[in-house]
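Everything below concerns the one structure shown next.
Taken together, the values in this text are just the output of simple stated rules run on the coordinates, not laboratory data. In this text, all values refer to a predicted model and were calculated from it rather than measured experimentally. Don't worry about glycine lacking a Cβ; one is built from the backbone with ideal geometry, like all the others, and counts go over all protein chains shown.
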Amino acid sequence: MPEYKAPLRDIQFAIQEVLNYEQHYQNLPGAEEASPDMVAAILEEAAKFCEQVISPLNPVGDREGCQWQAGVVTTPPGFKESYAQFIEGGWPGLSQPVDLGGQGLPSSLSAVVYEMIASASHAWSMYPSLTWGAIKTIAAHAAPEVKARYLSKLVEGSWSGTMCLTEAHCGSDLGLLRTKATPNDDGTYSISGGKIFISAGEHDLTENIVHIVLARLPDAPEGVKGISLFVVPKLWVDEQGVMGEPNGVSCGSIEHKMGIHGNATCVLNFDGARGYLISQPHKGMSAMFTFINESRLGVAQQAQAHIEASFQGALAYAKERVQMRATPRVLPDKPADPIIAHPDVRRMLLTQKALAEGTRLLNYYCAQLVDISHASNDAAERARAENELALLTPIAKGFISEISMEATTYGIQVLGGHGYIAEWGMEQEYRDTRITSIYEGTNGIQGLDLLGRKILATGGKVAESFLTQVQTFCSSQHPAAVAPMIPALADSIQLWLAVTEEVGVKAMAGDVNAVGAAAYDYLMLAGYCTVGYFLVRSAEAAANNSGSGDQDFYQAKINNARFYIERLLPRTQLLTATIRSGSDNLMAMPEATFGL
């Protein structure tokens with residue numbers, strides 16, 4: 001079983017030497033206390049907690065799973081005790097407001113910590129991360145009395161939160177949901193209906209669970225324009241914030257899943273459960289996107305975390321496993337060499353490494369944008385950050401979760417037959433990451449969102465800031481070690497721009513399936529370009545700092561970017577060809593093509 005080690009040197013390089021978090025925090029109102037020394041100390045303590053407390057529970061959670069008995073869910077052994085330690089250490093409130101009991105540090109710092117938590121155990125990490133989304137949603141949209149009743153306990157971590165969207169008859173098409181909300185005389189609402197696939201919907205880690213629920217009012221119009229948003233606690237909370245009787249929320253069952261067994265995925269029944277309307281009537285979807293966008297960025301981090309954990313396990317094995325003779329020989333006096341000396345094993349390991357480090361930079365950059373969009377005093381900077389987040393959120397969620405499946409497959413493959421055996425832990429990484437391409441909007445939906453709703457619907461304006469940044473970088477002067485990588489990166493950006501225009505022209509000319517047929521490949525093309533940009537930036541930072549010592553570390557960053565540019569970025573050419581092939585090879589086919 002691989003032992004997770006937080007890659008603190010890589011993390012520090014990403015946040016300080018590439019993305020310059022120190023300057024970012026100096027410019028961010030309220031973040032002045034986040035000095036490099038404080039950040040380093042927090043990350044070191046988080047690493048210890050993740051390595052020593054959470055990581056050992058990852059195989060336990062997978063093996064034992066959550067147990068359901070008469071509506072009561074018990075988490076795997078060790079989860080409850082470790083969660084109590086998590087609360088005791090103050091981790092839930094790291095980036096929450098001071099006036100609610102939090103520590104007031106930037107949300108980007110929590111994002112860095114979350115990578116370590118998710119790498120240690122994806123299933124465990126979902127309990128606190130869903131709570132953080134609930135906090136942001138209530139804080140952004142609820143009335144003051146609702147905030148006063150719920151937020152401090154959620155920040156403390158003694159209560160947890162969920163999002164309740166999906167119903168049995170509707171998955172991503174939430175316009176079809178049927179859960180009803182009936183007004184009561186006291187200003188509350190009675191919520192009735194059933195929700196499925198509710199992560200952390202019932203468990204034994206916290207005193208109360210606060211559900212954020214989509215439902216319809218009696219006068220609601222059809223479709224997504226008739227959805228409202230409610231806060232519905234498992235146990236009712238009175239005006240003094242005291243918990244009382246059960247509130248008509250019950251867990252009908254938990255799902256038996258391919259992965260993330262340590263997190264309870266619940267069927268929840270709301271039987272006249274009382275709740276409070278948050279946001280305006282019939283405006284629930286726009287309010288819920290506060291939670292959804294937070295969760296999509298969290299999913300991107302979960303997917304990246306699996307790449308890192310899988311790479312660590314595969315690398316450790318490849319260094320020790322001796323099999324076949326390499327050219328040149330590594331152990332000339334032995335009958336075989338370590339498999340890391342073989343080209344195909346290196347291909348898989350370097351793919352994992354490049355993807356782990358490139359997607360880490362993308363996630364941390366998105367975290368910086370979240371800081372700016374929430375806290376900057378500069379309206380123009382907030383608008384820039386919001387535009388870039390609109391562009392990069394579907395790319396981060398969709399692209400990283402897709403290539404996480406590829407990378408974790410390599411983790412299995414490097415170990416060969418041992419990778420297929422549960423005791424080595426590598427097949428769990430693949431099973432657990434598989435959900436990341438599905439929940440919080442499947443990746444086909446992420447592609448439609450990126451190409452249709454974000455780029456084409458805005459005439460490309462949403463992409464202007466980020467693509468200008470990349471093009472400016474490409475046109476600037478670069479160190480000798482980096483300059484050879486620039487033409488390929490610049491060409492990939494030109495491909496991205498060209499296919500954007502081409503699909504837009506087809507759609508305007510009346511091809512109703514042009515966007516849908518191109519969306520997934522377009523998402524992947526955008527992802528390869530974006531991650532390529534961040535890896536070349538990291539190579540430049542390494543080249544500029546290489547005289548300060550730690551030569552091997554910095555040269556590895558340059559080599560990593562070179563591998564990506566030469567071996568992975570060319571995939572954009574294939575994706576361009578498939579996008580240009582159009583929609584007829586999908587939609588002009590009769591049903592008989594499928595054998596129906």
Take the alpha-carbon centre of the range 495-539, take the same for the range 316-384, and report the distance between them in whole Å. 25
Could the peptides 336-346, 372-382, 446-456 be put in order, highest first, of the mean number of other beta-carbon atoms found within 10 Å of their residues? 446-456, 336-346, 372-382
Can you tell me the order of 69-81, 524-536, 85-97, 288-300 when each peptide is scored by its average per-residue count of other Cβ atoms within 10 angstrom, highest first? 524-536, 288-300, 85-97, 69-81
Mean separation of Cα contacts under 8 Å (at least 6 apart) over the residue count of the range 192-297, i.e. the relative contact order in percent, is 36
To the nearest 20 debye, what charge dipole does the chain have about its Cα centre, counting +1 at the Cβ of each Lys and Arg and -1 at the Cβ of each Asp and Glu? 1140
Determine, for Ser253, Ser228, the number of other Cβ atoms within 10 Å of each Cβ, and report the residues in order from fewest to most. Ser253, Ser228
Would you mind checking the pairs Lys353/Lys397; Lys147/Lys283; Lys5/Lys557; Lys153/Lys180 and listing those with alpha carbons more than 24 angstrom apart? Lys153/Lys180
Cα to Cα, under 18 Å, and not fewer than 8 places away if on the same chain: which lysines meet these conditions relative to Lys334? Lys319
Assuming R0 = 41 Å, what is the FRET efficiency of Glu464 and Arg571, from their Cβ-Cβ distance, to the nearest 0.05? 0.95
Hits for the chain under the membrane-span-like helix rule (DSSP H, Cα axial span at least 15 Å, Kyte-Doolittle mean at least -0.5) are 36-49, 107-120, 122-141, 144-156, 284-320, 343-375, 379-415, 461-475, 486-508, 514-545
Residue-count net charge about Ser125 - beta-carbon cut-off 12 Å; Lys, Arg +1, Asp, Glu -1: -2
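Note down the relative contact order for the chain as a percent, whole number, built from C-alpha pairs under 8 angstrom at least six residues apart.
12
Mind sorting Phe563, Phe553, Phe13, Phe399 by how few other Cβ atoms lie within 10 Å of their own Cβ, fewest first?
Ordered from fewest to most neighbouring Cβ atoms within 10 Å, Phe563, Phe553, Phe13, Phe399 come out as Phe553, Phe563, Phe13, Phe399.
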Restricting to bridges with both residues inside the chain, how much of the DSSP beta-bridge set is antiparallel, in percent to the nearest 5? 85
R0 of 25 Å, Cβ-Cβ distance Gln471-Asn544: FRET efficiency to nearest 0.05: 0.75
Could I have the simple spin-label model distance between Glu45 and Ser172, label points 7 Å from Cα toward Cβ, reported in nm to one decimal? 4.1
Could you tally the net charge around Leu456, taking each other residue with its Cβ under 12 Å from the Cβ of Leu456, Lys/Arg +1 and Asp/Glu -1? +1
Neighbourhood charge, 11 Å Cβ-Cβ cut-off, centred on Ala305 and excluding it, Lys, Arg +1 and Asp, Glu -1: -3
Ranked Val146, Val155, criterion: other C-beta atoms within 10 Å, fewest first: Val146, Val155
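If each DSSP helix of 4+ residues adds -39,500 (n - 2.57) and the sum is divided by the residues in the chain, what number results at 222 nm, nearest 500 deg cm²/dmol? Kindly include the intermediate steps, with their values, before the conclusion.
Numbers: 19 runs with 309 residues, N = 596.
Value at 222 nm, helices only, nearest 500: -17000 deg cm²/dmol.
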Once the in-chain neighbours fewer than 8 apart are removed, the lysines whose Cα is under 24 Å from Lys506 read Lys454, Lys461
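Charges only on Cβ, +1 for Lys and Arg, -1 for Asp and Glu: so what's the dipole of the range 8-139 about the Cα centre, in debye to the nearest 20?
Once rounded to the nearest 20, the dipole reads 480 debye.
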Spatially proximal aspartates and glutamates relative to Lys234 (Cα-Cα < 17 Å; intrachain offsets below 8 disregarded): Glu202, Asp204, Glu207, Glu245, Asp271
